[in-house]
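Worksheet: the structure to be examined is printed underneath.
The values are calculated or read from the model by the stated rules, or taken from the named source; none is laboratory data. Everything numeric here is computed off the predicted structure, so don't read it as measured data. Cβ sites come from the backbone with ideal geometry, for glycine too, and all protein chains shown count toward neighbours. With ligands, DNA and RNA removed, areas are computed over all heavy atoms of the protein, side chains included. Shrake-Rupley method; radii C 1.70, N 1.55, O 1.52, S 1.80 Å.
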Amino acid sequence: MQQGTRIAPSILSADFARLGEEVRAVDEAGADYIHIDVMDGHFVPNLTIGPDVVKALRPHSRKTFDVHLMISPVDAFVPAFADAGADIITVHPEAGPHTHRTIQLIKSLGKKAGVSLNPATPVDVVDHLLDQLDLILVMSVNPGFGGQAFIPGALKKIEALRRKIDASGRDIDLEVDGGINFDTAPAAISAGADVLVAGTATFAGGSGNYAANIGRIRGTGG
Ligand code: DX5
Ligand code: ZN
């Protein structure tokens, strides 16, 4: 299914004291997904939010909650995020011993399943998961923090994954995460990404700018 580029603002760059309002603002500004970065201070060197926050945010938007789990071990927390209202749950293969089982668990809870590839993770890790995946997330920074610079090597990986997805014939989102801004978005789109995560670039300048920021990242003006 061919759609235009979708934008997934990462709420990591939102005002955490007003998170519900921020989610409503990016929803109204044209966000397609709400990207929620969950970090545990162990798998990545930062701590962010847990399932209770996802649950509290759920009434603020009907958009797809795209929950990116950067936690290890991950399996024990998957049901809590499913219950909290996640629509897509994405995990890193390094976050547990049996990625296939983790993906099966997410699907068994009725959620869409994603796998995320760190900058040094080879694209082949998706090969034996493709028949179950709904999303592949290419990290274009090392996970842990917003506001980092886009790693250009991600583009070749996006191209390779676009070929794998097209060959599979399945409807799998190809999402890119990290350092996406007005300058880097066009190359990610040309390489084949169809969902762009953007934290810093979406939330820059406050809520009066969100619609314009999202439009410019998408490449449709603003
Ligand atoms: C990094 C997170 C990203 C990040 C994106 O670990 O997964 O979602 O917050 O932030 P920007 O768009 O600021 O690079
Ligand atoms: Zn993320």
Matching residues in the range 11-37 (in a loop (DSSP other than H, G, I, E, B) and either open to solvent by 10 Å² or more (accessible area, probe 1.4 Å) or closer than 19 Å to Phe81 by Cβ (or both)) number 5
List, please: which pairs have Cβ atoms under 9 Å, are six or more places apart or on different chains, and start with a residue in the range 189-201 that is without any contact (Cβ under 8 Å) to a residue 12 or more places away in the chain and end with one that is within 11 Å of ligand 2 (Cβ to nearest atom) and open to solvent by less than 10 Å² (accessible area, probe 1.4 Å)? none
Residue list for the range 38-62, filter: open to solvent by less than 30 Å² (accessible area, probe 1.4 Å) and more than 13 Å from ligand 1 (Cβ to nearest atom): Gly50, Val54, Leu57, Ser61
How many residues does the range 128-158 contain that are out of contact with any strand residue (DSSP E or B) (no Cβ under 8 Å at 6 or more places or on another chain), surrounded by 15 or more Cβ atoms within 10 Å (Cβ to Cβ) and not in a loop (DSSP other than H, G, I, E, B)? 1
Among the residues of the range 65-80 satisfying the criterion of being in a loop (DSSP other than H, G, I, E, B) and aliphatic (A, V, I, L, M), which is nearest to the chain's Cα centre (by Cα)? Ile71
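Scanning the range 172-188 for residues that are of a type in the set (Gly, Ala, Ser) and farther than 16 Å from Gly4 by Cβ, which turns out surrounded by the fewest Cβ atoms within 10 Å (Cβ to Cβ)? Give the steps one after another, and end with the answer.
Quick first cut of the range 172-188, residues of a type in the set (Gly, Ala, Ser) only: 178-179, 185, 187-188.
Filter once more, keeping what is farther than 16 Å from Gly4 by Cβ: 178-179, 187.
Values: Gly178: 27, Gly179: 25, Ala187: 17.
So, considering only residues that are of a type in the set (Gly, Ala, Ser) and farther than 16 Å from Gly4 by Cβ, the one surrounded by the fewest Cβ atoms within 10 Å (Cβ to Cβ) is Ala187.
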